[in-house]
Structures are given as C-alpha cells and as structure tokens.
Amino acid sequence: MTSQPLEALRRAITERGGRLVVLTGAGISAESGIPTFRGPEGFWTAGSRVYRPQELATQRMFSANPTVVWPWYLWRQSECAKAEPNAAHRALVRIEAALEDRFTLVTQNVDGLHHRSGSSSERTMEIHGNINAHRCAAGCGTRAALPTLDGVGPACEFDERWKPALTCSRCGEWMRPHVLWFDEYYDEAQYRFESAIRATEAADALVVVGTTGATSLPAHMLEIARNRAIPIIDVNPDDNPFARAAARSPGGWLRCPATQGMVAIAAALGA
C-alpha cells in the first residue's frame, strides 16, 4: 500500500486541523456479507414473473403492487440484520471520535451498519435511506422502525398478517421502505442532500470507500472535490472513476479492500 495518500490525508486533517468527509458505498458492507443490490440476490420472483431491482425499487411499482415490493424489502432487511459491522465500520467510529465536528460520514448504504457500529446520527448522512425504517407512503409524516416479521425468506409471498405492521397508524395508508427509489429525487428532509453538499464544499479532504459513484450525488461530491483541488483518497480494489480522480489529486488511490484501507487511514489520523 502506497504511503502518499495517507501522508496527504495526515497533513490536511491532522497537521492543518482540516475537515474530513468520508463517502461509503457497497464495498464497505460487502466484507460483512451484505447481498449486492444489482447482483443475483437483487432479483425477485413473484408468481411466475422475475423482477429486476430497477423495476422493484420504484415509486411506480410500489404504487401499483405494494404486496410484490414489500416481501423483497423485508427479505433484504432480514439479510442485513444477519450481518455485523466490520473493521472498516469500526475504524470510521474511531475517526469520528478523534475529529468530532471536523468529520462527516456520507453513506449510500441502507443496511444501517454504520449506526450499529457506533457512528452518530448527527454526523452520518444516509443519502439513500435506511432499510430498517419505514414511513407513510401518503406523506402524513409517520416514520418508525421497521419491525421484524415472521415468514420472511427468499421469494416469499406477501402474508396478510404483515399488513397491520405495514399500515400507517395515523392515516391508515400503506407504509413504505425508507429508501430512495430509482424514480425519486434526493431531498434534504428525507436524505440530507443539501447537508452532504455543504459538508463537501467545506471539506479539506474526501475519502471514498467502496463505491464507483454510479448515482448522481456521489458524482457531484467528486466534482466539488476536484474543483476545489483537495486531496481525494479512494479505497477500492477495483479501478473506477473515483480512483482515477484520486490519482490526479493531491491524494491517491489505495488499491485494497475497505477494511485494510480504513484501518490504515485511521492509524494515519491517530485514531
């Protein structure tokens, strides 16, 4: 592992007292065994039809067929619940404790592992939501933890006994998973879109872990960091746009798994 990115990060954050933004994606949770969204585990069979995740994870599908969408999300939630935070998640907790208000964590992951490892709600922005919560689909404002329901499994059918737990206690409409769907837009109220942008605009370094930046907000964060010429450090075993941008920045590419890279970064920052 090259020392240049770690030294650039140490100078920007430790020596100069700078602000750090960390952006995490699926790669950090892969080492905890979280099923991939677009991989084979993302497909879902209802009756004789096989649905792609890009079909299921939409407001349009939920409005038409909530009893098709909910079993898939309940199964994904149950798979996430089996996973445990790994060394990369724990390293981020140590970094937050060391930097306090100079630290912001922005995550694309909905699995909740950052919170379970000890990352604070105040400094952690779940820009794609959290699969462990649900909210009123009619927008009345009700939001609650998603309960664990019996009978959830691969390709399970909707069980009518689940309906009371998935009904809004205030207005009686369906509850929906608290996640950003493909046909929806980022906003501040639900996904802290503006807060993530402001944090990046004020950052003195950007660390990216386990993502290729396929969605619009991470790509925008990268563009902000590039325009400001701050160190970008990408932690990823595979080539991707963030790695190439990091190589051209004062930072660099750590070509390694998330756990190895984040433990090294925490050590470099004295965490």
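As an exercise: evaluate residue 232 against (1) open to solvent by less than 20 Å² (accessible area, probe 1.4 Å); (2) closer than 16 Å to residue 110 by Cα and give the number of the one condition it does not meet. Here residue 232 clears every test but (2). When every residue of segment 91-101 is checked against the conditions, none turns out to be under 15 Å from the mean Cα position of the chain (by Cα), at pLDDT 95 or above, open to solvent by 10 Å² or more (accessible area, probe 1.4 Å) and not hydrophobic (A, V, I, L, M, F, W, C). Which residues, taken from segment 14-34, are β-branched (Val, Ile, Thr) and either part of a loop (DSSP other than H, G, I, E, B) or without any contact (Cβ under 8 Å) to a residue 60 or more places away in the chain (or both)? The one that is β-branched (Val, Ile, Thr) and either part of a loop (DSSP other than H, G, I, E, B) or without any contact (Cβ under 8 Å) to a residue 60 or more places away in the chain (or both): 34. The residues of segment 123-154 that are part of a strand (DSSP E or B) and touching a residue at least 60 places away in the same chain (Cβ under 8 Å), listed by number, are 125, 126, 129. Are any of the residues in segment 202-213 at pLDDT 95 or above, at negative phi and open to solvent by 10 Å² or more (accessible area, probe 1.4 Å)? There is at least one residue in segment 202-213 that is at pLDDT 95 or above, at negative phi and open to solvent by 10 Å² or more (accessible area, probe 1.4 Å). Note on segment 246-271: among residues that are under 21 Å from the mean Cα position of the chain (by Cα) and either at pLDDT below 95 or more than 15 Å from residue 22 (Cα to Cα) (or both), the one that is least open to solvent (accessible area, probe 1.4 Å) is 256. Restricting segment 155-178 to residues that are more than 22 Å from residue 79 (Cβ to Cβ) and assigned to a strand (DSSP E or B) leaves a set whose member that is least open to solvent (accessible area, probe 1.4 Å) is 167. All conditions but one from (1) over 26 Å from residue 75 (Cβ atoms); (2) among the polar types (S, T, N, Q); (3) out of contact with any Asp or Glu (no Cβ under 9 Å at 6 or more places or on another chain) apply to residue 215; the one that does not is (1).
The values are calculated or read from the model by the stated rules, or taken from the named source; none is laboratory data. This structure is a prediction, so every number in the text was calculated from the model and none was measured. Cβ atoms come from the backbone with ideal geometry, glycine included; neighbour counts cover every protein chain shown. Heavy atoms of the whole protein, side chains included, go into the accessibility calculation; ligands, DNA and RNA do not. Shrake-Rupley method; radii C 1.70, N 1.55, O 1.52, S 1.80 Å.
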